[in-house]
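Taking it in order: structure first as structure tokens, then the write-up.
The values are calculated or read from the model by the stated rules, or taken from the named source; none is laboratory data. Everything numeric in this text was worked out from a predicted model, so none of it was measured. No Cβ is skipped: glycine too gets one built from the backbone with ideal geometry, and neighbour counts run over all protein chains shown. Each accessible area value is taken on the protein alone, full model and side chains, heavy atoms only, with ligands, DNA and RNA left out. Shrake-Rupley method; radii C 1.70, N 1.55, O 1.52, S 1.80 Å.
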Amino acid sequence: MIANYLVLSAALFCVGAFGVLARRHLVVVLMSLEVMLNGVNVALLAFARLHGDSGGQVFVLMVMAVAAAEAAVGLAILVAVFRNRGSADARELRDLHG
Amino acid sequence: MDPVFAVAAGLAVGAGLMVVTRRDPVRGVPWMLLCFVALAAVYLRIGASFLAAVHVLVYTGAILVLFVFILMLLSGRPGEGGAEGPDRWPVASAALCLGLFVLLAVSLARIAPSSRLPDPPAGFGAVEPVGRSLFGRHLLPFELVSILILAALFGSVLLARKKP
């Protein structure tokens with residue numbers, strides 16, 4: 001049943017969203033983001049299977065490439081932040097907070 | 001429900017919960033590994049065997065190793081990379097995400113056909129149809145991804161470089 005796959009996808013997305021909203025350690029926020037992207041991948045694959053179309057699988061490949069690029073840039077920003085502040089806490093980054 | 005799918009889906013969601021709730025990110029890494037492997041099993045149940053292999057290669061082979069390297073770099077410093085204050089509004093975030101999940105699950109279960117999935121066309125998850133689609137109809141997005149990866153490559157080197 002397709003609904004099972006879509007509910008799994010929604011569950012993974014919401015678990016990841018909780019991590020992004022609630023956690024303050026930047027590494028954990030990025031890990032939660034990966035979990036969210038995986039949830040989206042499950043939905044794309046389920047719909048690809050439903051329609052018998054390979055296009056959905058191609059888009060999963062695109063999402064994987066974007067996830068890899070996002071992890072690399074995000075972790076590079078984290079290294080720069082940690083070098084300047086000595087902390088990986090999202091709370092510390094409030095220079096633009098009026 | 002398919003028992004293999006049920007076990008893999010439960011493992012994936014449970015491991016995902018462990019990832020987002022561990023205080024020490026280093027302890028989240030093995031759970032993330034379990035989550036990704038369980039998801040590869042889900043992909044195999046869908047029939048996308050090529051993507052299951054790529055998923056394991058990219059997520060556990062590249063992304064997870066990158067996280068481990070960064071955690072290793074952070075925790076080697078004074079002040080410890082694992083130090084973290086209390087969560088931001090944990091109850092409100094949990095309620096929001098639970099509400100979003102209920103909304104998504106109810107609406108998805110309603111719009112999606114509740115019948116069994118049709119049998120996939122011959123060679124659904126194999127390399128050849130995916131490759132034909134990737135280098136045929138979706139050639140432009142593929143080329144754009146190469147530019148994205150190039151930009152990410154330059155950007156991450158530039159950002160992480162030590163200022164002279």
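Assorted remarks:
- Within-14-Å neighbourhood charge of A:Val7 [Cβ basis; K, R +1; D, E -1]: 0
- Neighbour-limited loop hits for trypsin sites (Lys or Arg not before Pro), the range A:35-98 (at most 10 other Cβ within 10 Å; DSSP other than H, G, I, E, B): A:Arg94
- GNM flexibility winner over chain A from A:Ser87, A:Ser54, A:Ser32 (Cα, springs under 10 Å): A:Ser54
- Divide the volume of the convex hull around the Cα atoms of the range B:1-73 by the residue count and you get 63 Å³ per residue.
- Shown for chain B are the DSSP H helices of 30 Å or more along their axis, judged by Cα atoms, with a mean Kyte-Doolittle hydropathy of at least 0.5: B:25-46, B:90-111, B:139-160.
- Relative to the dominant Cα principal axis of chain A, helix A:55-85 is inclined by about 10°.
- Taken along the Cα-to-beta-carbon direction at a fixed 7 Å, the label points for B:Leu158 and A:Glu92 span 2.4 nm.
- Over all distinct Cα-Cα pairs of the protein assembly as shown, the Kirkwood formula returns a hydrodynamic radius of 19.3 Å.
- Intensity falloff of the range B:1-148 expressed as log10 I(q)/I(0), Debye formula with alpha-carbon point scatterers, at q = 0.09 Å⁻¹: -0.44
- Normalised by the number of residues in the range B:1-73, the average gap of Cα pairs under 8 Å and 6 or more apart makes the relative contact order 31 percent.
- Farthest toward positive dipole pole in chain B [+1 Lys/Arg, -1 Asp/Glu at C-beta], among B:Ala95, B:Ile147, B:Pro129: B:Ile147
- Legend: mean number of C-beta atoms from other chains within 10 angstrom of residue C-beta atoms, peptide B:155-161, equals 6.
- Amide hydrogen neighbours beyond the local backbone of A:His25, cut-off 5 Å, H modeled: A:Ala90
- 1.4 Å probe accessible area per residue over the range B:107-164, in Å²: 76
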